[in-house]
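The values are calculated or read from the model by the stated rules, or taken from the named source; none is laboratory data. None of the values given here were measured: they were computed from a predicted structure. Quick reminder, even Gly has a Cβ in these numbers, built from the backbone with ideal geometry, and neighbours come from all protein chains shown.
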Amino acid sequence: MRERQIPKPGGSGKVRRLGIPTVADRVVQAALKLVLEPIFEADFKPVSYGFRPKRRAQDAIAEIHHFGSRGYQWVLDADIAACFDEIDHVALMDRVRARIKDKRVLALVKAFLKAGVLTELGDRENTHTGTPQGGILSPLLANIALSVLDERLHGSWEGGGTMSTEYRRARLRARGLPTWRVVRYADDFVVLVNGTEQHTEALREDIARVLAPMGLRLSPAKTRIVHLSEGFDFLGFRIQWRRKRGTNKWHVYTFIGARPIRALKAKIRALTPRTSQQNLEYVLTRLNLIMHGWANYFRHAVAKNTFSMLDNFAWWRIIRMLRERHRWRWRDVRRKFTMPTGQWLPITAGTTELRKIAAIPVTRYRWRATTIPAPWPA
């Protein structure tokens, strides 16, 4: 595999190493995925949402919203240090062998894990741990490895378990014992706890013990315990327990996180520098694609005001770019882009118009629970 390094989001200066397989390897990996995925999908728990068919990030957020509204107000906001780089190959292959007996398939999986990478400097490096990001098979293998966490934390919710019914959960709480719910999206996960901060701390230690045999560990700097009233970020969303304005009722709200807003603004700025001579129709087309793709992801959050703010931000960026390009005075801008009523006109070029993301309906995404359809018929 050929290595490519890309910057991690957030402007930290750190890079993410991708292993890009050859075309032939991608074909084989895709074929392997077709064989392996239906088998392991039958084992995966319903609390895992990342890189699984018919599941999406919004399902994970909706589950957090559901349980956060029902007393699960302590949160273990966890981060696995370098997850894709550190998964132990022996432990992972043991989990694959437990379900796959065909030695040819096992040999192919192991070959991809041990393929090594050709660095950007032209050096060859062996891969002793990890599932290289960039491969078609890597997300599935990571889910297989991390399913140890789902099995440990979700097992009690299944038939006959100590948390399998509301009555049993209430009995536990009556005895001063916690109940919890894990929500995982690939290597990002949170554990919601109906209990105390001490119960949540004990769960953190238990999780560390579960992950250790897979060669994984929690990042001490990024793993924290928070109360839902403090809020936390997950998959780009800001989830927080707040009092409803004008009432004494408290609700769980899902906002757009600060980091995605900064990232979108940076993309808008990059397309609209004041000295740009880029074709305006191209700029508008690119902005529409970027902004509407972003807004469609976040349209189930409390997003209306944020969408309007970003529309306004993009509009003014283009106006300043055009003003600099054409040497317009502000009176020229008002004459060209103001209606008789005083409202600003939309910016157009040819047949392309800067479309407002505030026009996208903001709707509640309901937790689908056990109604998520199975990707393969039983």
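Taken as a whole, the structure leaves ILE207 outside the set of residues that are in a strand (DSSP E or B), buried (at least 20 other Cβ atoms within 10 Å of the Cβ) and out of contact with any Pro (no Cβ under 7 Å at 6 or more places or on another chain).
All of ALA170, ALA221, ALA202 fail the test of being of a type in the set (Gly, Ala, Ser), under 24 Å from ALA62 (Cβ atoms) and either assigned by the TED database to the domain that holds ALA60 or not in a helix (DSSP H, G or I) (or both), apart from ALA170. Checked against (1) assigned to a strand (DSSP E or B); (2) in contact (Cβ under 8 Å) with a residue 40 or more places away in the chain, GLN240 meets all criteria but (2). Residues in region 215-241 that are at negative phi and of a type in the set (A, V, I, L, M, F, W, C): LEU216, LEU218, ALA221, ILE225, VAL226, LEU228, PHE232, PHE234, PHE237, ILE239, TRP241. Determine whether THR306 is over 26 Å from ARG366 (Cα atoms) and either out of contact with any Leu (no Cβ under 8 Å at 6 or more places or on another chain) or modelled with pLDDT under 95 (or both). Here the answer is no, as THR306 does not meet what is asked.
Within region 269-302, the residues that satisfy the criterion of being over 30 Å from LYS244 (Cβ atoms) and of a type in the set (D, E, K, R) are ARG269, ARG274, GLU281, ARG286. For region 278-326, the candidate set comprises residues that are of a type in the set (Lys, Arg) and in a helix (DSSP H, G or I); within that set, the residue that is nearest to LEU235 (Cα to Cα) is LYS304. Looking only at residues in region 340-378 that are surrounded by 12 or more Cβ atoms within 10 Å (Cβ to Cβ) and aliphatic (A, V, I, L, M), the one that is farthest from ALA314 (Cα to Cα) is ILE372.
Only residues that are touching a residue at least 40 places away in the same chain (Cβ under 8 Å) and among the aliphatic types (A, V, I, L, M) were counted across region 312-354, and they come to 7. Looking only at residues of region 332-378 that are assigned to a loop (DSSP other than H, G, I, E, B) and of a type in the set (Phe, Trp, Tyr), we find that the one that is nearest to LEU284 (Cα to Cα) is TYR365.
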